[in-house]
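Below: the structure, in C-alpha cells.
The values are calculated or read from the model by the stated rules, or taken from the named source; none is laboratory data. This one's a predicted model, so the numbers in the text were calculated from it and none came from an experiment. Cβ atoms come from the backbone with ideal geometry, glycine included; neighbour counts cover every protein chain shown.
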Amino acid sequence: MNQSKAYALLDSGAGRKLEKFGDVVLDRPCAQAVWAPQHPAMWNQATARFDRQAGLQWEGREALPIHWHVNVGGVEMKLAATDFGHVGLFPETRVMWHWIRDTLAEAKKRASINFLNLFAYSGGATLAAAQAGASCCHLDASKGMVDWARENARLNELEEAPIRWIVDDVIKFLRREVKRGNRYDAILLDPPSFGRGRKGELFKVEEQMLTTLELVHSVLSDKPLFVILTSHTPGFSPQVLHNLLAQFHAGGVHEQGEMLLTGAAQCSPLPNGTWARWLET
C-alpha cells in the first residue's frame, strides 16, 4: 500500500479511539475518552484492534500491511504497527508541525535558522522544519526510531537536507553542546514520562525535567525564536508546562493549550496531550 492518504479521528468513547490512517482503520485504547461513542456502527470498520488489558495484543494484525504511508501536517510518514500499539505517528502533533514550518520559513527570510528536536521520535517536526529551510538536529535515544525518521526524510526527498541525526541521551548530549558552544534558534522537546538513553540512562520526567530545561536554555542562541514543550504525561496540564517554561523565560510571549485529535464531521475533538511555548518578541 504505497498511496499516501490522510489521517482522521472517526470516533472515540468507552476508553477507546477509532482512527483512520489512510486506508487503515485502527481501534486503540484512550483513557481520557470517558464518554459514550457517537457513532457505534462505525467501529465495525476497524482493520485491527489493540488491547492492553489482554497483554499488549493486536487483534487482526494479519490484516495490516507491514508498513504504509500517510501525509500528515504536510509531511509524508511511514507507519507500521508496533508491539506497544503505536504506529510511528502521534497525529495530534500535526498542528504544531504547521506552526513550526510557517514560523521558521518566515524567520529564514532574515537569517539562517538552527532547529533542535529532542526526544524526536519519527521526525515529523524535524522534517517540517527542514521543509522551511532550517538546519536541523534530530535526537532520540532509540536508534530504531532515528532510522525510522531518516526513512521518513527519504519519503519527503529530504535525505540531502542539513539534518544531523543523533542517537544519544538528551542530557548528556545537551551538556556536550554547551561545552562545544553549539547554539540553536528554535527548540522542541517532547519528553516521555519514562525512558532510557542510548546506554540505558534512566529518564523520569518529574526528576529530569528541570535539568533538561536548564540545559535547553543554555544552548539557545543570542536571538532565539522559540522553545516548545509538549507532553503526554498524565497530570502535566498546559499550565504545568507553562510554569516550567516560565522559570527559564520570564519575558517574551507565553502560549499554552491542549493537543487534539480531530477529523470526521460530527466527531468531538479528543484531547491527547498538552503543549506550551515561549516566543521571543
Residue list for the range 206-230, restricted to those being buried (at least 17 other Cβ atoms within 10 Å of the Cβ) and of a type in the set (Val, Ile, Thr):
THR212, VAL216, VAL219, VAL227, ILE228, THR230
Restricting the first residue to the range 216-241 and requiring it to be in the same structural domain as ALA120 (by TED's automatic domain parsing), which pairs with a second residue that is basic (Lys, Arg) meet a Cβ separation below 8 Å and a spacing of at least six or different chains?
VAL219/ARG183; LEU220/ARG183; SER221/ARG183; ASP222/ARG183; PHE226/ARG277; VAL227/ARG277; ILE228/ARG277; LEU229/ARG277
Take ALA80 and tell me if it is in contact with a strand residue (DSSP E or B) (Cβ under 7 Å, 6 or more places away or on another chain) and among the small types (Gly, Ala, Ser).
no
Name every residue in the range 238-263 that is surrounded by 15 or more Cβ atoms within 10 Å (Cβ to Cβ) and part of a loop (DSSP other than H, G, I, E, B), in order of residue number.
PHE248, HIS249, GLY252, THR262
Looking only at the range 21-36, and only at residues there that are in contact with a helix residue (DSSP H, G or I) (Cβ under 9 Å, 6 or more places away or on another chain) and surrounded by 21 or more Cβ atoms within 10 Å (Cβ to Cβ), the one that is farthest from VAL70 (Cα to Cα):
ASP27
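Yes/no per residue for (1) touching a Lys or Arg at 6+ places or on another chain (Cβ under 6 Å); (2) over 21 Å from GLN266 (Cβ atoms):
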{"residue": "LYS20", "(1), (2)": "no, no"}
{"residue": "GLN32", "(1), (2)": "no, no"}
{"residue": "ALA48", "(1), (2)": "yes, yes"}
{"residue": "GLY55", "(1), (2)": "no, yes"}
{"residue": "GLU62", "(1), (2)": "no, yes"}
{"residue": "MET77", "(1), (2)": "no, yes"}
{"residue": "HIS86", "(1), (2)": "no, yes"}
{"residue": "PHE90", "(1), (2)": "no, yes"}
Every pair of residues 6+ apart whose Cβ atoms lie under 9 Å, when the first sits in the range 165-186 and is in a helix (DSSP H, G or I) while the second is crowded, with 21+ Cβ neighbours inside 10 Å and acidic (Asp, Glu):
VAL170/ASP140
So how many residues does the range 250-267 have that are out of contact with any Leu (no Cβ under 9 Å at 6 or more places or on another chain) and in contact (Cβ under 8 Å) with a residue 24 or more places away in the chain?
3
HIS39 passes all but one of the listed conditions (1) out of contact with any Cys (no Cβ under 8 Å at 6 or more places or on another chain); (2) closer than 22 Å to PRO269 by Cβ; (3) in contact (Cβ under 8 Å) with a residue 24 or more places away in the chain; (4) surrounded by fewer than 21 Cβ atoms within 10 Å (Cβ to Cβ); the exception is number (1)
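Among the residues of the range 96-112, is there at least one that is hydroxyl-bearing (Ser, Thr, Tyr) and more than 20 Å from the chain's Cα centre (by Cα)?
Start the filter on the range 96-112 by keeping residues that are hydroxyl-bearing (Ser, Thr, Tyr), which leaves 103, 112.
Pick out the ones that are also more than 20 Å from the chain's Cα centre (by Cα) and you get 112.
Checked the range 96-112: at least one residue is hydroxyl-bearing (Ser, Thr, Tyr) and more than 20 Å from the chain's Cα centre (by Cα).
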